[in-house]
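Here, each number is a calculation from the coordinates, and none is a lab measurement. Everything numeric here is computed off the predicted structure, so don't read it as measured data.
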Amino acid sequence: MQAALKSKPSAAHILATTGMVLHRLRRLSDALAIYDRALTIAPGAPDALNNRGVVLKDLGRYEEAPAWYDKALAVDPNSSQALNNRGVVLRHLRRLDEALAGYDRLLRLNPNDADALNNRGRPTTMYRSRSGWRATLRGASRSSRRWRQAGRGFIATRRRFVR
């Protein structure tokens, strides 16, 4: 990758891939700098915008991350990654209504998105309620039977800790 960057240092997709590698290596500050460089070249790259938000989340800079997911969604309104990641950060910030609305939007686009189904139930557990999980389970299609069974197991496990 370094050779590709030396031969064509302005290729945004090469920079974005380098950012993903650095992120996986947990070199978060370096990944953030690379994503910034990629976004100066291609400001509308939805993957780079989304991944920059993920790095900010992993750095603990939760307040900054939703803006980057929103920028990614402005470019690609149907980005399941950006919608899902935005919901995770909003849940962490205790902005639960916004998180649930984002998951619902994603589930309207793709009713069988396992990450969205899983994360859709999580905000309600913060209120010590299982009704959100049950509603999500009822909304899961028949083709995701295994997920629904896993969700029921989660509810049963949570009962011991929630009461």
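Full extension from S29 to N78: what is 0.36 nm times the residue separation minus their Cα-Cα distance, to one decimal in nm?
Length gained between S29 and N78: 14.8 nm.
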Karplus 3J(HN,Hα) series, Hz, for region 81-95 with 6.51 cos²θ - 1.76 cosθ + 1.60 (x for Gly, Pro): 5, 5, 5, 5, 5, 4, x, 4, 5, 4, 4, 5, 7, 6, 9
